[in-house]
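Take a look at the structure set out below.
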Amino acid sequence: MKITGIICEYNPFHNGHKYQIDKVREEGADYVIAVMSGDWVQRGGPAIIDKYSRTTMALKSGVDLVIELPVIYSTAAAADFAYGAVSLLNSLGCVTELSFGCESPSEKAWDDVTSFMLTHQEELGKEIADFMKEGNSYPKARELALLNHFNEHVVEGLCKPNNILATEYRKALHNLNSRIIPAPILRQGSNYYEKELNIQSFSSATAIREAILSSYDFVVNDDSYVHDDDRFTGVSTYMSFVGSTAVRQAMSEPLSPIINHVPSSTYDILLERLGKSYPLTSNNFSREAGYKAIYEKDNGFEDYFDINKDLSDKIKKQLANFQSFDQFCSLLKSKDVTYSKVSRCLTHILLDIKKDTYPEDKKAPYARILGFRKDKEALLSIIDKSTSIPLISKLADADTILDENAMNILNKDIKAAHLYDFVSACKYQSKEIVNEFTRQIVII
């Protein structure tokens, strides 16, 4: 039996994701399991739409089972993100292959690079540290260190976003002594960070998010503070369009720019929920992030995951200049600390993710089901017989099957989801704030 695992965010689900699922089906996958980030994602911020909506998108497009990647991993840098997700799939005990996109087709090049990184970790770590002391960010220092050992073409390919994750997946499989076979698929269409829709091929999730956000001009009509880069700050909003043609088109098909870039089922979900529960951006959490930072200022921030003393001191020093989440990230970023890292670190403060939150072995300690396909329910029985970690289908039962450390991690997921739903409800003036304990597993 062939059971394929996919590690994903589906933020949102698009045609490139559907292409990957179709490919693994063509290659004989009997079941497809997606380990998906919840409401908070790796770039350091909220998903544009909630995890249950994205679970529904995935199940309607060919995934059989969606499991939530705990938030301590979903908001981490590439190595911890990959290790947490791969460890979860490995612990299920039945996954036979890991499918992932990459931007380079050469298997030998990946094997050579991964083997070197695994056997020369100490040497490579020292070289990276030396380059960082010269003022380089970690990604740049890593690139410079690898150039000491590989040619420019190989390193250039390695430093592309999907290839960085692909390398980390391979390293995680090796370090876990996993039997799961890596199954790379050559990425098609736009680059990971491309912000323009690709009319010839698959568009990136970044471009699709930009198109969704640009579909409307949100104008704040309350007394919230507003900034040039803050299109979505505020609790109460209204939509403003210029010109009668634009009005008619926007009201009839507000998401028409993306209609050919996502599956029809995804489009229907996005269209139905637009302006009712999403979109959400980092700036929608500005008040909460600012308050949490002010509240913790006297204690400093070194206890939070991925924050060192230098960054902690800088946050404290600049806190008086906090205006919005994105503005503060831009203020804190520097030559040696990237915007993405700052965003992740501020998210860790906001969500109370500290260094001691992580399990000692860094492995995901449970698998929480977000949804599954009814006609593939037999997969749950297969997992139940093979898994070495608890499978959570009902949140209320978790404290009876998890140990204290695992329950602490799950509580981070629960609180992160509650915060996400609270801000969404306030922004879109929902009559009821959804409680994570009342949520039902998505069954298609």
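Nothing in this text is a laboratory measurement; each read-out follows from the coordinates by a stated rule. Remember, it's a predicted structure, so these values are computed and weren't measured experimentally. So basically every Cβ, Gly included, is an ideal-geometry build from the backbone, and we count neighbours across all protein chains shown.
Quick look at the values:
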{"quantity": "Total charge dipole magnitude, the chain, about the Cα centre, Cβ charges on Lys, Arg, Asp, Glu only, Debye to nearest 20", "calculated": "500"}
{"quantity": "Listed residue pairs exceeding 19 Å between alpha carbons, taken from Lys51/Lys160; Lys376/Lys412; Lys51/Lys415; Lys18/Lys51; Lys133/Lys309; Lys133/Lys362", "calculated": "Lys51/Lys160; Lys376/Lys412; Lys133/Lys362"}
{"quantity": "Cβ-based exposure ranking for Val337, Val32, Val71, in which fewest neighbours within 10 Å come first", "calculated": "Val337, Val32, Val71"}
{"quantity": "Among Ile307, Tyr339, Ser286 the positive-end extreme of the charge dipole of region 284-357 (Cβ point charges)", "calculated": "Tyr339"}
{"quantity": "Label-zone membership for region 148-192, site Asp111, 7 angstrom Cα→C-beta point, backbone N under 14 Å", "calculated": "182-184"}
{"quantity": "Residues with amide H under 5 Å from that of Val442, placed H, sequence gap 5 or more", "calculated": "Gly371, Phe372"}
{"quantity": "Matching label, log10 I(q)/I(0) by the Debye sum over Cα atoms at q = 0.06, 0.09, 0.10, 0.13 Å⁻¹ computed from the structure shown, candidates [x] -0.29, -0.67, -0.83, -1.32; [y] -0.33, -0.72, -0.86, -1.28; [z] -0.25, -0.58, -0.73, -1.30", "calculated": "[z]"}
{"quantity": "DSSP bridge orientation in the chain - percent antiparallel, rounded to nearest 5", "calculated": "30"}
{"quantity": "Cβ-based exposure ranking for Cys102, Cys426, in which fewest neighbours within 10 Å come first", "calculated": "Cys426, Cys102"}
{"quantity": "Helical contribution to [θ] at 222 nm, DSSP H n ≥ 4, -39,500 (n - 2.57), averaged over the chain, rounded to 500", "calculated": "-14000 deg cm²/dmol"}
